[in-house]
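Colleague: Below: one structure in structure tokens.
The values are calculated or read from the model by the stated rules, or taken from the named source; none is laboratory data. Predicted model only: the values in this text are computed from it and were never measured. FYI the Cβ positions are ideal-geometry reconstructions off the backbone, even for glycines, and counts take in every protein chain you see.
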Amino acid sequence: MLHLTAVDITKTKTASLVIPVCEDKDIHENTTISALVKKAKKIKEFAGDKGDEVTFYHLKEIKADRVVFLGLGKLEKIDMESLREMAGKATKEMIRKKLPAALIAVPSAHKIELEMPFVLEALLEGAFLANHLFDKYKKEKKYTPLKKINFLVKPDEAKKYKGLSSRVAAICHGTILAREWVNTPPNDKKPERLTRSMITRAKKENLKVTVLDEKKLKQKKFGALLAVAAGSQSKPRMVVLEFNPKKAEKTVVLVGKGVTFDSGGINLKPSASLADMKSDMSGAAAVAATLIAAAKLKPTFKIIGVIPVVENMPSGNAARPGDIIKSYNGKTVEIGNTDAEGRLILIDAISFALERYKPQILIDMATLTGACVVALGEKIAGVFSFDDALAESITQSGKKTHERCWRMPLPEDYKELFKSDLADLNNMANTRYGGAITAALFLAEFVTDTRWAHLDIAGPAFAKKESAYCGSGGTGFGVRLLCDLLDKF
Ligand code: BES
Ligand code: ZN
Ligand code: ZN
């Protein structure tokens, strides 16, 4: 769907050409394009300011039916994210106009003071991700995604960067897959069903798949996970996806929280907080999708996805506040609050992963706390790690992919806050302040000497409103971030 092309726009017929315009500099090398930009800027209402837009039809200079000029703003403001947004906006506009394809003119990397691979990566990502519609549940489909998005480059660049478009496509496919899983209504993704969907996709990419069903989970004493699942009619699962290249020396484990619906359990959530809790499996979605993307990108080390999948429901069989359960690694936990279920399924998944795979690095991703959303807002994830280098790599990947992350502290003395009189730990801290930190410290109790990071994605995993290259709902947050991060190991 993404193609780099070096056609001559004065000779080749195109339906729709998109030209990004900088407010205070000519950013194109192609002289025809520069001349067209000059012409567009003569229009009073178009200055190339960010968000400015004007469309010309049947220009005599080129063989395009229409040319859409999109403003990028001032040169100093142009970065990978503004390029993603521009390409996303262009793509969405073509979809709205019911056009089948687009040709986007790539600005000169040199002129916008970026490197060409980053310019292309950003433009391709923005376009690819914006070209996704989630209309599975609509009887009438109003729009269709574009069949082709072409990028106008110089002839040598078309060849040189061919591999780049397949890499971007693999990663963005992952993001979209994660978005689709998150958007799926909770009645259609109860643990067994979501698991099956993940297995089908993983097997297509030749990942090794293991599933622990309820019987196995009971046999192996996943006590914390089973306590969360107890209230639901739907049986829990633990999915393990393995990318196992030959001669691998290192192992990275990714753990993702997979709560297909978080009602809160017996500590039932208030109505307003229930609405978006189908998204409580966003960590699981991101991890499974990252493994599927990694299978295409083929790194040289092992990547294991460990994905506990449960539904958190109240019922006569549900775990109660006050219950004490024994987790997979033997530590006991008093359930102070059944709505703090994420940490329960994660500790069993983490303990199992450490025992079974002995990884050098373990990263977990979870929509873990409302407190993290209070701290960092809806667009930034919290990073928790004792390992400075790992935390820094994650925040750097966040900057590059614009899946932003902010490091949070893990103060030793806060561990006091989730002590239990009766059990080894309480899953609920005795204060509501610093909830994202106490949740992370709770997880840390189950991590041995492995390099570990926890990402709380409760804010950025789900968006109420659409944005330049994402629809409303699941954002697929974490897939691009993890793929970029894995590239560094
Ligand atoms: N799934 C929620 C966290 C959440 C909140 C995700 C908002 C996305 C948006 C989690 O299981 C939860 O309920 N956490 C509680 C913990 C508390 C009971 C200690 C919370 O954050 O209130
Ligand atoms: Zn909860
Ligand atoms: Zn939850």
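Let's see how each residue does on (1) among the hydrophobic types (A, V, I, L, M, F, W, C); (2) at pLDDT 95 or above:
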{"residue": "ALA47", "(1), (2)": "yes, yes"}
{"residue": "PHE56", "(1), (2)": "yes, yes"}
{"residue": "LYS60", "(1), (2)": "no, no"}
{"residue": "LEU72", "(1), (2)": "yes, yes"}
{"residue": "ASP79", "(1), (2)": "no, yes"}
{"residue": "ALA90", "(1), (2)": "yes, yes"}
{"residue": "SER108", "(1), (2)": "no, yes"}
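Colleague: If you don't mind, another one. Does the stretch 233-251 contain at least one residue that is over 23 Å from the mean Cα position of the chain (by Cα), within 16 Å of ligand 3 (Cβ to nearest atom) and among the small types (Gly, Ala, Ser)? If you could, list the steps in order and put the result at the bottom.
Modeller: Let us first name the residues in the stretch 233-251 that are over 23 Å from the mean Cα position of the chain (by Cα), namely 233-236, 245-250.
When the remaining residues are screened for being within 16 Å of ligand 3 (Cβ to nearest atom), the result is 234, 236.
Then keep just the ones that are among the small types (Gly, Ala, Ser); that gives 234.
Yes, there is a match, as at least one residue in the stretch 233-251 is over 23 Å from the mean Cα position of the chain (by Cα), within 16 Å of ligand 3 (Cβ to nearest atom) and among the small types (Gly, Ala, Ser).
Colleague: In addition: Which residue out of SER393, SER397 is farther than 18 Å from LEU346 by Cβ and within 13 Å of the chain's Cα centre (by Cα)?
Modeller: On the way: SER393 fails: within 13 Å of the chain's Cα centre (by Cα).
When all the criteria are applied, what remains is SER397.
Colleague: Sticking with this structure for a sec: Do any helices (runs of 4 or more DSSP H) lying entirely in the stretch 120-231 carry at least 2 residues that are within 21 Å of the chain's Cα centre (by Cα), and which ones are they? Quick ask: steps written out before the conclusion?
Modeller: Numbers: elements: 155-160, 162-183, 191-204, 214-219, 223-229.
Hits in the stretch 120-231: 162-183, 191-204.
Colleague: Could you check the stretch 252-280 and list, in sequence order, the residues that are in a loop (DSSP other than H, G, I, E, B), under 26 Å from the mean Cα position of the chain (by Cα) and within 13 Å of ligand 3 (Cβ to nearest atom)? Write out each step before concluding.
Modeller: Residues of the stretch 252-280 that are in a loop (DSSP other than H, G, I, E, B), as a first pass: 257, 263-270, 275-276.
Filter once more, keeping what is under 26 Å from the mean Cα position of the chain (by Cα): 257, 263-264, 269, 275-276.
If the condition is that a residue be in a loop (DSSP other than H, G, I, E, B), under 26 Å from the mean Cα position of the chain (by Cα) and within 13 Å of ligand 3 (Cβ to nearest atom), then LYS257, SER263, GLY264, LYS269, ASP276 are the ones that fit.
Residues checked against (1) within 20 Å of the chain's Cα centre (by Cα); (2) modelled with pLDDT under 95; (3) surrounded by fewer than 17 Cβ atoms within 10 Å (Cβ to Cβ); (4) not aliphatic (A, V, I, L, M):
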residue: LYS379; (1), (2), (3), (4): yes, no, yes, yes
residue: PRO409; (1), (2), (3), (4): no, no, yes, yes
residue: LYS415; (1), (2), (3), (4): no, no, yes, yes
residue: LEU441; (1), (2), (3), (4): no, no, no, no
residue: ILE457; (1), (2), (3), (4): yes, no, no, no
residue: ALA461; (1), (2), (3), (4): yes, no, no, no
residue: LYS465; (1), (2), (3), (4): yes, no, yes, yes
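Colleague: Something else about it: Could you figure out which of (1) of a type outside the set (Gly, Ala, Ser); (2) assigned to a helix (DSSP H, G or I); (3) more than 24 Å from PHE462 (Cα to Cα) isn't true of VAL374?
Modeller: Exception for VAL374: condition (3).
Colleague: Additional query: Filter the stretch 137-165 down to residues that are free of Cβ contacts under 8 Å to residues at least 24 places away in the same chain and over 17 Å from ALA109 (Cα atoms), then give me how many there are.
Modeller: 6
Colleague: List pairs: first in the stretch 178-198 and more than 17 Å from LEU482 (Cβ to Cβ), second surrounded by fewer than 19 Cβ atoms within 10 Å (Cβ to Cβ) and among the basic types (Lys, Arg), Cβ under 9 Å, 6+ apart or cross-chain?
Modeller: GLU180/LYS136; ASN183/LYS136; THR184/LYS136; THR184/ARG193; LYS190/LYS235; PRO191/LYS235; GLU192/LYS235
Colleague: Please go through (1) among the small types (Gly, Ala, Ser); (2) more than 13 Å from ligand 1 (Cβ to nearest atom); (3) surrounded by 24 or more Cβ atoms within 10 Å (Cβ to Cβ) for GLY265 and return the number of the only condition it doesn't satisfy.
Modeller: All conditions pass for GLY265, except number (2).
Colleague: Of all residues in the stretch 317-368, which are aliphatic (A, V, I, L, M) and part of a strand (DSSP E or B)?
Modeller: In the first step, residues of the stretch 317-368 are kept if they are aliphatic (A, V, I, L, M); the result is 318-319, 324-325, 333, 335, 340, 344-347, 349-350, 353-354, 361-363, 365-366, 368.
Hits for the stretch 317-368 are ILE324, ILE325, VAL333, ILE361, LEU362, ILE363, MET365, ALA366.
Colleague: Only one of ILE394, ILE363, ILE380 is among the β-branched types (Val, Ile, Thr), over 24 Å from THR448 (Cβ atoms) and away from ligand 2 (no atom under 16 Å from the Cβ). Can you tell me which?
Modeller: Details: ILE394 fails: over 24 Å from THR448 (Cβ atoms); ILE363 fails: over 24 Å from THR448 (Cβ atoms).
Testing whether each residue is among the β-branched types (Val, Ile, Thr), over 24 Å from THR448 (Cβ atoms) and away from ligand 2 (no atom under 16 Å from the Cβ) leaves just ILE380.
Colleague: In addition: Show the residue pairs that are 6+ apart or on different chains and have beta-carbon atoms under 6 Å apart, the first residue being within the stretch 425-443 and small (Gly, Ala, Ser), the second being in a helix (DSSP H, G or I).
Modeller: Qualifying pairs under 6 Å: ALA429/LEU417; ALA429/PHE418; ALA429/THR438; GLY435/ALA371; ALA436/ALA371; ALA436/CYS372; ALA436/ALA375; ALA439/ARG343.
Colleague: Restricting attention to the stretch 10-45, which residues are at pLDDT below 95 and crowded, with 17+ Cβ neighbours inside 10 Å?
Modeller: Result: THR14, single match.
Colleague: Suppose we filter ILE335, ILE325 for residues that are touching a helix residue (DSSP H, G or I) at 6+ places or on another chain (Cβ under 8 Å), crowded, with 24+ Cβ neighbours inside 10 Å and not aromatic (Phe, Trp, Tyr); which single one remains? It would help to see each step written out before you state the result.
Modeller: Values: ILE325 fails: crowded, with 24+ Cβ neighbours inside 10 Å.
Among ILE335, ILE325, only ILE335 is touching a helix residue (DSSP H, G or I) at 6+ places or on another chain (Cβ under 8 Å), crowded, with 24+ Cβ neighbours inside 10 Å and not aromatic (Phe, Trp, Tyr).
Colleague: Among the residues of the stretch 344-357, is there at least one that is touching a strand residue (DSSP E or B) at 6+ places or on another chain (Cβ under 7 Å), surrounded by fewer than 20 Cβ atoms within 10 Å (Cβ to Cβ) and within 29 Å of LYS302 (Cα to Cα)?
Modeller: Yes: the stretch 344-357 contains one or more residues that are touching a strand residue (DSSP E or B) at 6+ places or on another chain (Cβ under 7 Å), surrounded by fewer than 20 Cβ atoms within 10 Å (Cβ to Cβ) and within 29 Å of LYS302 (Cα to Cα).
Colleague: Since VAL287 meets every condition but one in (1) surrounded by fewer than 24 Cβ atoms within 10 Å (Cβ to Cβ); (2) more than 16 Å from ligand 2 (Cβ to nearest atom), which condition does it not meet?
Modeller: (1)
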